[in-house]
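I have placed the structure first, in the form of structure tokens, so that the comments after it can refer back to it.
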Amino acid sequence: MIRVLPGPQSPLDPAGIQALRIEHVWWLFFGITAVVYVVVVAIMLVAAIRRRNAPEPLRPEEDPERERRLIRIVAAALGVTVVLLLVMLVGDFTARRSLRSLEPGDPLEIQVTGHQWWWEFQYQDPIPSNNVTTATELHLPAGRPVEFVLRSADVIHSFWVPNLAGKKDLFPGRLTRLFVRADRVGAYTGQCAEFCGNQHASMRFQVIVDPPQRFQQWLAAQRAPAAAPVTAEQRRGQEVFLGTTCVMCHTVQGTPARSHVGPDLTHVASRQWIASGFLPNTRAHLAEWVADPQRIRPGVRMPLHPLPPQDLRALLEYLESLR
Ligand code: CUA
């Protein structure tokens, strides 16, 4: 019944240039540590077998030649370890520098706010009335560099889309930045990567990388105010929305609902997932979520809404019209 937003979610399947650089470091570290592991296990096995067949060893002072040989072997192993750690250190620094060299002059700016426990995305525009605010579903234009400006509304979270870039923490009262260029069109999954409370594990979001033209169409559609209710049922639903606790936490552009405690619902019906990637956006799931969010994600700030069935039906009808 309940489905959590699935993958793909892998740093080894890079969909952008930053992720590609990080993948190179991953393979460098994996290669070195795998060889070290195999060599160490092989030496231990050889030593164990030789020890079984060998006579009782002499004490160090009785066999100075053997003692000198052992010291040379330990010194050589120490030297190799230092060299390998240095190679890893240089690999890490080089990757960091090359990530920094990818920071462009004129990126698309997207502000990301981490909330307990959902993600808010705001697309910045030189004309403030063109800013777009959405939640749970992040659209990116393929091939265009994006600068995420990250902040937290409450506790420390961490923004992570393994297919696109490394992790970046979000702090209350302090901005952090992350540059990403997504190159491969597709859908990916992002995840909070810093323990932030009860629903940390289900604090997910969907990343959709669109061809530039489709991205612009999406952005233009998100810029539009909410669809006005057309049918009598939708009008009734809007009255329910504005007359119950919904209005105290959510925004629907073009209506008196302008609170930022919960996700902006102006175009909620255009999203594929609700509840921070916990439920597919279908009528049945929306009904479950509105009626009893605490049963689905215990601890979230959204309260119970024990609405009469006809009010709930009208409310769902209205929410589904917000395309
Ligand atoms: Cu937010 Cu973990």
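The values are calculated or read from the model by the stated rules, or taken from the named source; none is laboratory data. A quick note: this is a predicted structure, and the numbers were derived from the prediction, not measured. Heads up, the Cβs are rebuilt from the backbone with ideal geometry, glycines too, and the neighbour counts pull from every protein chain shown. With ligands, DNA and RNA removed, areas are computed over all heavy atoms of the protein, side chains included. Shrake-Rupley method; radii C 1.70, N 1.55, O 1.52, S 1.80 Å.
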* Residue in the range 114-141 that is farthest from A224 (Cα to Cα), counting only those that are open to solvent by 20 Å² or more (accessible area, probe 1.4 Å) and of a type in the set (V, I, T) -> I127
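Scan the range 160-207 for residues that are among the hydrophobic types (A, V, I, L, M, F, W, C), within 15 Å of the ligand (Cβ to nearest atom) and in a loop (DSSP other than H, G, I, E, B) and jot them down. Steps first, answer last, please.
In the first step, residues of the range 160-207 are kept if they are among the hydrophobic types (A, V, I, L, M, F, W, C); the result is 160-161, 164-165, 170-171, 175, 178-180, 182, 185, 187, 192-193, 195-196, 201, 203, 205, 207.
Imposing the further condition that a residue be within 15 Å of the ligand (Cβ to nearest atom) reduces the set to 160-161, 170-171, 192-193, 195-196, 201, 203, 205.
Answer for the range 160-207, where residues must be among the hydrophobic types (A, V, I, L, M, F, W, C), within 15 Å of the ligand (Cβ to nearest atom) and in a loop (DSSP other than H, G, I, E, B): V161, A193, F195, C196, M203.
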* **Every pair of residues 6+ apart whose Cβ atoms lie under 6 Å, when the first sits in the range 201-216 and is over 24 Å from V300 (Cβ atoms) while the second is aromatic (F, W, Y) and at pLDDT below 95** => none
* Asked: From the set of residues in the range 209-230 that are at pLDDT below 95 and not in a helix (DSSP H, G or I), which is farthest from the ligand (Cβ to nearest atom)?
  -> V230
* Answer yes if at least one residue in the range 252-260 is modelled with pLDDT of 90 or more, part of a helix (DSSP H, G or I) and among the small types (G, A, S), and no otherwise. => no
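Counting residues that are under 19 Å from A201 (Cβ atoms), which helices (runs of 4 or more DSSP H) fully inside the range 278-323 reach at least 3?
Details: elements: 283-291, 293-296, 309-321.
So the answer is 293-296.
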